[in-house]
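The values are calculated or read from the model by the stated rules, or taken from the named source; none is laboratory data. Fair warning: this is a prediction, and the values are worked out from it, not measured in the lab. Here the Cβ positions follow ideal geometry from the backbone for every residue, glycine too, while neighbour counts run over all protein chains shown. SASA here: full protein model, heavy atoms, side chains in, ligands and nucleic acids out. Shrake-Rupley method; radii C 1.70, N 1.55, O 1.52, S 1.80 Å.
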Amino acid sequence: VCSPDLTHPVYVETALSKGKFVLCEFPLCEDPETAASMLSTGRLHVEHIELLTGTATALRGLQGVSSASMRFTGPPRVSFSPGHAQVARLHRVLDCLGSPLGVDEGLVYPDFTCTLSFGEGPRCTEFRVQNASTWHQRNGTLTCDGVEVKTSAGPLFLTDQLAATARFLDGAAPYVRDARVVEVLALANLLS
């Protein structure tokens with residue numbers, strides 16, 4: 001399902017009700033409880049291609065983070081809410097930093113707040129993380145303390161499709177826990 005965001009729930013629920021396997025892009029839906037119900041069927045995979053990029057892989061699970069920020073600009077997007085339009089980027093932050101304690105002017109962590117900025121304009125994703133080093137990702141380029149870090153990733157959509165197929169046909173674990181999908185949707189609601 002790669003239709004406009006607002007149509008995802010009806011298409012996904014229709015296919016699931018007919019016993020079909022479904023691969024759906026983010027955001028799955030607006031309501032975390034509905035998402036949990038749809039995911040509980042075992043026949044739904046939500047794509048997370050942003051988490052398969054080389055930069056996301058390199059930043060995953062950094063330790064000792066003392067500050068972080070994410071800025072995203074792109075063309076306007078019709079979605080459930082502004083937070084849901086950016087749910088893939090929110091997921092990217094949680095993939096790197098873990099679950100926040102809450103939401104204030106951004107995502108609150110024990111020693112810092114990850115500030116978030118989403119706007120319209122030319123497409124640009126920028127993520128800054130400070131731990132013992134300064135990490136800066138701008139679009140597909142990643143630097144650590146000002147030195148470019150070479151990253152690589154396979155074809156994103158094919159990699160995701162193969163993961164979905166392995167999940168459906170072989171019972172493989174998803175590379176993103178279903179509980180995390182629900183958590184990110186709940187955060188999108190809080191930020192909207």
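Points worth noting:
- Against the empirical 2.2 N^0.38 Å (N residues), segment 70-160 has a Cα radius of gyration ratio of 1.16.
- Note on the chain: helix-only mean residue ellipticity at 222 nm, from DSSP H runs of 4+ residues weighted -39500 (n - 2.57) and normalised by residue number, equals -10500 deg cm²/dmol.
- Computed with a 1.4 Å probe over protein heavy atoms only, the accessible surface of segment 111-169 comes to 61 Å² per residue.
- Spherically averaged projected area of the chain from its Cα convex hull (nm²): 10.7
- Per-residue packing, averaged as other Cβ atoms within 10 Å, sorts the ranges 16-22, 36-42 into the order 36-42, 16-22, beginning with the highest.
- Shown in residue order for segment 166-177 are the 3J(HN,Hα) couplings computed by the Karplus curve 6.51 cos²θ - 1.76 cosθ + 1.60 at θ = phi - 60°: 5, 5, 6, 8, 10, x, 5, 5, x, 7, 10, 4 Hz (x for Gly and Pro).
- Ligands, DNA and RNA are left out, and with a 1.4 angstrom probe the accessible area of segment 42-88 is 38 Å² per residue.
- By accessible area, using a 1.4 Å probe on protein heavy atoms only, segment 1-94 has 58% of its surface on carbon and sulfur.
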